[in-house]
Amino acid sequence: MRNHSRLEVRNTSTPLQWNVGGILDIVLLGGDLIYLGGETEEITIAGNSEAILKGGRIDYITNMQYVDELKNISIYSQPGWSWETTFDPAEQEDIITGITGLWEDNTAFAINFINDVDYDPVWMNINIVEVPEPATLLLISLGAALIRKR
């Protein structure tokens with residue numbers, strides 16, 4: 001995708017496999033992506049692109065952007081998400097290699113990161129948008145209704 005294009009993925013065929021189902025690669029070179037469901041092996045974000053991820057299976061994210069205060073990958077997750085880390089012997093520290101959590105619809109996700117040495121690490125380009133779990137939304141709505149009734 002390039003030059004101000006927009007892709008919205010609501011679902012894909014399954015399983016994720018060559019000539020069978022899913023989307024193997026989505027490459028953003030100036031386009032916007034809204035990913036709501038389906039199965040994808042890798043999303044690469046480069047150029048002036050943004051990605052909104054709200055569901056489905058995404059195996060890898062590659063970042064080919066320099067990160068400023070505006071992060072270009074938004075992941076909508078329930079509270080309780082966590083970074084996945086691996087110890088890097090060369091750096092003698094843990095490095096962030098992925099993220100796990102629950103989408104808004106309560107399905108689990110585990111996304112691995114592929115860092116390009118010429119750009120900032122993937123995790124630096126991710127904005128986590130925490131959405132309340134459905135039970136919390138129900139309680140908030142019920143509370144608002146009772147307050148309004150009084």
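Taken together, the values in this text are just the output of simple stated rules run on the coordinates, not laboratory data. Here the structure is a predicted model, which means the values were calculated and not measured. Positions of Cβ are backbone-derived with ideal geometry, glycine not excepted, and every protein chain shown enters the neighbour counts.
Would you calculate, for the chain, the mean residue ellipticity at 222 nm contributed by helices, counting each DSSP H stretch of 4 or more residues as -39,500 (n - 2.57) and dividing by all residues, to the nearest 500?
-3500 deg cm²/dmol
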Per 10 angstrom bin, beginning at 0 and ending with the bin that holds the maximum distance, the Cα pairs of the chain fall in percents of 11, 36, 32, 14, 6, 1, 0
Of all stretches in the chain that avoid GluC sites (Glu not before Pro) placed in a DSSP loop and having at most 11 other Cβ atoms within 10 Å, the longest is 1-68
Taking Cα atoms only, helix 134-149 is inclined relative to the longest principal axis of the chain by an angle, in degrees rounded to 10, of 30
Ranked output for segments 113-122, 15-24, 52-61 by mean other Cβ atoms within 10 Å, highest leading, reads 52-61, 113-122, 15-24
